[in-house]
Amino acid sequence: MTQAHPVPQQIWPDDLAARYREKGYWRGETFGDVLRARVADHPDRLAVVDDRNRWTYADLLARATSAAGGYLSLGLKPGDRVIVQVPNIAHFFPAVFGLFLAGLVPVYALPAHRQTELIHFAKRSGARAMVIADRHEGFDYRPLARLVQAEVPDIAHIIVIGDAGDHVAFDSLRAGPALPQVDPSAVAFLQISGGSTGLSKLIPRTHDDYIYSFRASAEICRLTGDSVYMAALPVAHNFPMSSPGVFGALHAGARVVMAPNPAAETAFSLIAREGVTITGVVPPLALLWMAAAPRTPHDLSSLQVLQVGGAKFIPEAAARVRPTLGCTLQQVFGMAEGLVNYTRLDDPEEIITGTQGRPISPDDEVLILDDNGDPVPEGEPGHLLARGPYTIRGYHNDPAANARSFTPDGFYRTGDIVKRLPGGYLVVQGRAGDHINRAGEKVSAEEIEDHLLAHPAVFDAAVVSIPDEFLGERSCAFVIPAEGTSPRAPELKAFMRGRGVAEFKVPDQVVFVPEFRTTAVGKVSRNVLRAELRSRYLNKETT
Ligand code: AMP
Ligand code: DBH
């Protein structure tokens, strides 16, 4: 017997919802409406390009409509969740617009996720199907999906883009039953949080709220029908998806170019070939691109805006973007839960290089509070909380996380420590919680510790973030070996890989210690312990 599973919901109080509608943020449009409107405007304009395909807006809608009918013909019902683990290929769009048209709810997984994460997403969301690509960048996703299905039998269908074997071929999906009426205030998809405590949480976003966020983002980034947006980061990330990302670009009637990977050589050749005008990267990639630019044979002159976000971009590096790449830098500080900040394209240089931008919306409410929950004096650092027309009011199916992460009046506790400058510009100072922001991928310390603790030679483990010149932060696991054992770092790393987790969660470094030598009396909290280990490490006294 399968257990009844809650349908994802996102509920704003009536007065705020009314206000967001009245102000024209929420327009009662669905993803399907957006695509249909663009097709009506310019059916023959190129919408999506990858290494094999060049599809117009009309092509995209036709393919999405076939997919939608095909999904429903398989027996999926509007409201059902479908895990989407699709890399940066053109088919991502018919796959997800097909789901939207059918009223199905994508649950976005990253190509880097492995069975441990996927099983968690599947169980927590109550997923009934998966859409995957056959292979990408040397990895075969079909055996992985089969492993997930073996653990979560509610997954009735695996739909494969490419060579499907004995699964359902995406290209065989054909229009069938009539498509349902889709409610714009309903949850359109579940996005994945980086996870600050334990496993990733599922983030329910509605058509209304998400479309507002990328429509307004596209305006801030001045996208037009002549813009060419390149998705360099994996498109399931909220940043390349919506800030303004691929959806903001399609909303603006622009062209989307899918880069199969973000290496400088790949990205630069696509920039030159397609005349890319804007793209977004994380800080370590910005550094690599700046290092590669002086020697590239490719013409990068079409690039007008390089967006950098996901982790802090230091001012010294920020100042080098224009001289090396010849384009405007835009800093982006956002989160899949909602609030996104941008430096504006015409901001003064010191704002662009020295801040992480200001919120999208006049109705974004931002609080900066001290440890007691009182507002800090202007310009002082404090905890960032946010509420607004595209910031969620709760995670899906996770009452414990909701009690921690939201205030009674609906503000989301971001976990970030920021200060606010005049004009509302935010400067990120750090994190309150224990996660590692590894090149923009957020990894929860607790999640890594739980994996390590499953190894018989690990008596205890504490994972901390260590500053890293290239990655921004890297993960360091302090491990107390179990009595009579002497585990080695490669063995523990291999063990974690064997458990089927994304590679970015495998600790970068393992330090063995005989004990945690905690000074506090009694039982110390994990946070105190991690902070102490981290400072011991930074002061080079780890043994
Ligand atoms: P998530 O909630 O997993 O979507 O991750 C969002 C988090 O990424 C934010 O709360 C910040 O901690 C971090 N982040 C995103 N953009 C930036 C940025 N430009 N500078 C510093 N931190 C950032
Ligand atoms: O890191 C993020 O999650 C992020 C960064 C920039 C994000 O969600 C966004 C912009 O929308």
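The values are calculated or read from the model by the stated rules, or taken from the named source; none is laboratory data. None of the values given here were measured: they were computed from a predicted structure. Because the Cβ atoms are built from the backbone with ideal geometry, glycine has one as well, and the counts that use them run over all protein chains shown. Side chains are part of the model used for accessible areas, which takes the heavy atoms of the whole protein and leaves out ligands, DNA and RNA. Shrake-Rupley method; radii C 1.70, N 1.55, O 1.52, S 1.80 Å.
Within the range 327-345, identify whether any single residue is more than 13 Å from ligand 2 (Cβ to nearest atom), open to solvent by 20 Å² or more (accessible area, probe 1.4 Å) and under 23 Å from Ala236 (Cβ atoms), and answer yes or no.
Looking through the range 327-345, none of the residues is more than 13 Å from ligand 2 (Cβ to nearest atom), open to solvent by 20 Å² or more (accessible area, probe 1.4 Å) and under 23 Å from Ala236 (Cβ atoms).
Name the one entry in Arg255, Arg215, Arg205 that is over 16 Å from the mean Cα position of the chain (by Cα) and either within 16 Å of ligand 1 (Cβ to nearest atom) or touching a residue at least 40 places away in the same chain (Cβ under 8 Å) (or both).
From the options Arg255, Arg215, Arg205, the qualifying one is Arg255.
Would you check which residues across the range 360-392 are in contact with a helix residue (DSSP H, G or I) (Cβ under 6 Å, 6 or more places away or on another chain) and under 18 Å from Gly423 (Cα atoms) and list them?
Within the range 360-392, Ile360 is the sole residue that qualifies.
Residue under question is Thr296, and the condition is that it be of a type in the set (S, T, N, Q), within 16 Å of ligand 2 (Cβ to nearest atom) and either open to solvent by less than 10 Å² (accessible area, probe 1.4 Å) or in contact with a helix residue (DSSP H, G or I) (Cβ under 9 Å, 6 or more places away or on another chain) (or both); does it hold?
No.
For Gly103, which of the numbered conditions (1) crowded, with 22+ Cβ neighbours inside 10 Å; (2) in contact (Cβ under 8 Å) with a residue 40 or more places away in the chain; (3) among the small types (Gly, Ala, Ser); (4) on the phi < 0 side of the Ramachandran plot fails to hold?
For Gly103, the exception is condition (4).
Please give the number of the condition Asp51 fails out of (1) out of contact with any Ser or Thr (no Cβ under 8 Å at 6 or more places or on another chain); (2) modelled with pLDDT of 95 or more; (3) farther than 28 Å from Leu173 by Cβ.
Every condition holds for Asp51 apart from (3).
Any idea which of (1) under 19 Å from the mean Cα position of the chain (by Cα); (2) buried (at least 22 other Cβ atoms within 10 Å of the Cβ) is the one Leu426 doesn't satisfy?
So Leu426 meets the others, but not (1).
Pull up the range 470-496, narrow it to residues that are surrounded by fewer than 14 Cβ atoms within 10 Å (Cβ to Cβ) and without any contact (Cβ under 8 Å) to a residue 60 or more places away in the chain, then point me to the one that is farthest from Lys312 (Cα to Cα).
Gly484
Here are some conditions: (1) in contact (Cβ under 8 Å) with a residue 60 or more places away in the chain; (2) under 22 Å from the mean Cα position of the chain (by Cα); (3) on the phi < 0 side of the Ramachandran plot; (4) away from ligand 1 (no atom under 12 Å from the Cβ). Ile392 meets all but one. Which one does it not meet?
Among (1) in contact (Cβ under 8 Å) with a residue 60 or more places away in the chain; (2) under 22 Å from the mean Cα position of the chain (by Cα); (3) on the phi < 0 side of the Ramachandran plot; (4) away from ligand 1 (no atom under 12 Å from the Cβ), Ile392 violates only (4).
Can you pull out every residue in the range 250-270 that is under 16 Å from Ile89 (Cα atoms) and assigned to a helix (DSSP H, G or I)?
Leu250, Thr266, Ala267, Leu270
For residues that are open to solvent by 10 Å² or more (accessible area, probe 1.4 Å) and near ligand 1 (Cβ under 8 Å from one of its atoms), scanning just the range 189-199, find the one that is farthest from Leu101 (Cα to Cα).
If we take residues in the range 189-199 being open to solvent by 10 Å² or more (accessible area, probe 1.4 Å) and near ligand 1 (Cβ under 8 Å from one of its atoms), then Ser196 is farthest from Leu101 (Cα to Cα).
How many residues does the range 110-135 contain that are crowded, with 20+ Cβ neighbours inside 10 Å, of a type in the set (Gly, Ala, Ser) and touching an Asp or Glu at 6+ places or on another chain (Cβ under 8 Å)?
Number satisfying all stated conditions: 4.
Looking for whichever is closer than 30 Å to Arg358 by Cβ and out of contact with any Ser or Thr (no Cβ under 8 Å at 6 or more places or on another chain) here; the options are Gly440, Gly415. Which one fits?
Sole residue among the options that is closer than 30 Å to Arg358 by Cβ and out of contact with any Ser or Thr (no Cβ under 8 Å at 6 or more places or on another chain): Gly440.
What number of residues within the range 211-230 are over 20 Å from Gln191 (Cα atoms), surrounded by fewer than 24 Cβ atoms within 10 Å (Cβ to Cβ) and in contact with a Ser or Thr (Cβ under 7 Å, 6 or more places away or on another chain)?
2
What number of residues in the range 206-230 are of a type in the set (A, V, I, L, M, F, W, C) and assigned to a strand (DSSP E or B)?
Qualifying residue count, the range 206-230: 2.
Do you know which of the residues in the range 321-340 that are in contact (Cβ under 8 Å) with a residue 60 or more places away in the chain and under 16 Å from Val282 (Cα atoms) is farthest from ligand 1 (Cβ to nearest atom)?
Gln330
Of the residues in the range 437-469, how many are surrounded by 17 or more Cβ atoms within 10 Å (Cβ to Cβ), of a type in the set (Asp, Glu) and either within 16 Å of ligand 1 (Cβ to nearest atom) or in a strand (DSSP E or B) (or both)?
4
Kindly indicate whether Ala95 is of a type outside the set (Phe, Trp, Tyr), in a helix (DSSP H, G or I) and touching a Phe, Trp or Tyr at 6+ places or on another chain (Cβ under 7 Å).
Criteria met by Ala95.
If the requirement is being open to solvent by 10 Å² or more (accessible area, probe 1.4 Å), within 16 Å of ligand 1 (Cβ to nearest atom), part of a helix (DSSP H, G or I) and modelled with pLDDT of 95 or more, which of these qualifies: Leu233, Leu287?
Checking each option against the conditions leaves just Leu287.
Can you confirm whether the range 42-58 contains a residue that is hydroxyl-bearing (Ser, Thr, Tyr) and surrounded by 15 or more Cβ atoms within 10 Å (Cβ to Cβ)?
Looking through the range 42-58, at least one residue is hydroxyl-bearing (Ser, Thr, Tyr) and surrounded by 15 or more Cβ atoms within 10 Å (Cβ to Cβ).
Only residues in the range 55-81 that are in a helix (DSSP H, G or I) count as the first member; pair them with residues that are of a type in the set (Gly, Ala, Ser) and at pLDDT below 95, Cβ under 7 angstrom, at least 6 apart or cross-chain, and list the lot.
Once the first residue is in a helix (DSSP H, G or I) and sits in the range 55-81, its partners that are of a type in the set (Gly, Ala, Ser) and at pLDDT below 95 give Thr65/Ala175; Ser66/Ala175; Gly69/Ala175; Gly69/Gly176; Gly70/Gly176; Leu72/Gly176; Ser73/Gly176.
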